[in-house]
Amino acid sequence: MSERNRAVTIADVAARAGVSQASVSRVLNGKQSVDPAIVQAVQAAITALGYTPSVAARSLVHGRNDTIAMVVPDLENPLFQGILKGLSRAAAADGYRVLVADTAEQVDEEEATALEARHRCDAIVLCAPRMPEERLQRLVARIAPVVVVNRPLPGAQVPIVGVDYARGIRDLVDHLHGLGHRRIAYLSGPELSASNAERLRGVADAVAAEPGITIDVIPGGSRLDDGYEAAASVDAARREGVTAVIAFNDLVALGLMTRLRELGVEVPGDLSIGGFDDVPMARFATPRLTSMSVPRGEIGAQVWARLRTLIAGGPIEHTVLYRPRLEARESTGPVR
């Protein structure tokens, strides 16, 4: 390797500054006891040589690398994108970077991915909605410090930040009830999804609270395609008396509305539709989609606040569940 292409080292900086390598190391680590003249000489040498400290070497010295990882099942989902954005901004303010690992809805890959990420990073933000609870309990104990997102985990010694999906479903049902709807369908999410189970709990609570309401459950999923493909089942339910549909999330609702339009079903004239998460595209749909708004960025910031406390050796803070806010738009209307 030629001298020109050789990486600049601490030894090179020390030689140019006329100080010891130990002095250079103290300057790089921000030690307050270093003579200002030495600091100035080292900084001038660093600038002249274009020296960049090795992240790997510094992580060995400090026992951390100022990097965390967020493990998600599907980064195409705007919910996770919003949480990641809030997390990244909050972490960056404290000098941390965020790496992302997308498991592409492969539940069997989540554990291995999280373990590998933990070896490379100081802590983990884990979104594993479909991992069996026993496996998840064992995993969080192995990868601590960790914060779990959108997943109840009874008895686990881990901070949890998420959404009160059951309450959100109740509020959306109340909205539809106020518009005169009594026969509603819930287009469900993935069968193993913990957040889907919470939504189903909300469905049961709503039926118990309003005996005049019937809510049918129709198999669905979590993606645009799932909503599109479920349209035939939803239309059949409409013909049997269903007047409104609550979709697992906005992506499912948007896919459903696209296919219903192709089938000649008017929204909300023939069928009202509500979604969940209030993703950015919900406001630009035709008609604009009624949705339960989730503070994605704030969730990300709260996740970082709890993870930062754990990294610093602090206590496990209490669970935070955000109550979604109804955003009533044109996709829901009175029963015709």
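The values are calculated or read from the model by the stated rules, or taken from the named source; none is laboratory data. In this text, all values refer to a predicted model and were calculated from it rather than measured experimentally. Positions of Cβ are generated from backbone atoms using ideal geometry, with glycine treated the same way; all protein chains shown enter the neighbour counts. Calculation scope for accessible area: heavy atoms of the full protein, side chains included, ligands and nucleic acids excluded. Shrake-Rupley method; radii C 1.70, N 1.55, O 1.52, S 1.80 Å.
Here's the yes/no breakdown for (1) exposed (fewer than 14 other Cβ atoms within 10 Å of the Cβ); (2) under 13 Å from the mean Cα position of the chain (by Cα); (3) part of a helix (DSSP H, G or I); (4) of a type in the set (Asp, Glu):
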position: GLY82; (1), (2), (3), (4): no, yes, yes, no
position: GLY95; (1), (2), (3), (4): yes, no, no, no
position: GLU105; (1), (2), (3), (4): no, no, no, yes
position: PRO129; (1), (2), (3), (4): no, yes, no, no
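Taking the numbered list (1) assigned to a loop (DSSP other than H, G, I, E, B); (2) surrounded by fewer than 20 Cβ atoms within 10 Å (Cβ to Cβ); (3) touching a residue at least 24 places away in the same chain (Cβ under 8 Å) in turn, GLY155 passes all entries but (3). Residue check: is ARG170 closer than 28 Å to GLY264 by Cβ and of a type in the set (Lys, Arg)? No: the conditions fail for ARG170. Is it true that some residue in region 105-128 is within 23 Å of ILE316 (Cα to Cα), in contact with a Cys (Cβ under 9 Å, 6 or more places away or on another chain) and modelled with pLDDT of 90 or more? Checked region 105-128: no residue is within 23 Å of ILE316 (Cα to Cα), in contact with a Cys (Cβ under 9 Å, 6 or more places away or on another chain) and modelled with pLDDT of 90 or more. Taking every residue in region 185-208 that is under 20 Å from LEU126 (Cα atoms) and pairing it with any residue that is of a type in the set (A, V, I, L, M) and surrounded by fewer than 24 Cβ atoms within 10 Å (Cβ to Cβ), at least 6 positions away or on another chain, the pairs with Cβ-Cβ distances below 6 Å are GLU198/ALA166. Within region 208-248, the set of residues being under 30 Å from GLU134 (Cβ atoms) and open to solvent by 40 Å² or more (accessible area, probe 1.4 Å) comprises ALA208, VAL217, PRO219, ARG223, ASP226.
Right, GLU191: at pLDDT 95 or above, open to solvent by 60 Å² or more (accessible area, probe 1.4 Å) and of a type outside the set (Lys, Arg) or not?
Working: at pLDDT 95 or above: no; open to solvent by 60 Å² or more (accessible area, probe 1.4 Å): yes; of a type outside the set (Lys, Arg): yes.
Spelling it out, it is not the case that GLU191 is at pLDDT 95 or above, open to solvent by 60 Å² or more (accessible area, probe 1.4 Å) and of a type outside the set (Lys, Arg).
Pairs are defined by a Cβ separation below 7 Å, a sequence spacing of at least 6 or placement on different chains, a first member in region 288-313 that is within 14 Å of LEU87 (Cβ to Cβ), and a second member that is open to solvent by 10 Å² or more (accessible area, probe 1.4 Å) and among the basic types (Lys, Arg); the pairs so defined are GLY297/LYS85; GLY300/LYS85. On inspection, SER272 qualifies as open to solvent by less than 10 Å² (accessible area, probe 1.4 Å) and polar (S, T, N, Q). Scanning region 158-201 for residues that are of a type in the set (Ser, Thr, Tyr) and not in a loop (DSSP other than H, G, I, E, B) returns TYR165, TYR186, SER195.
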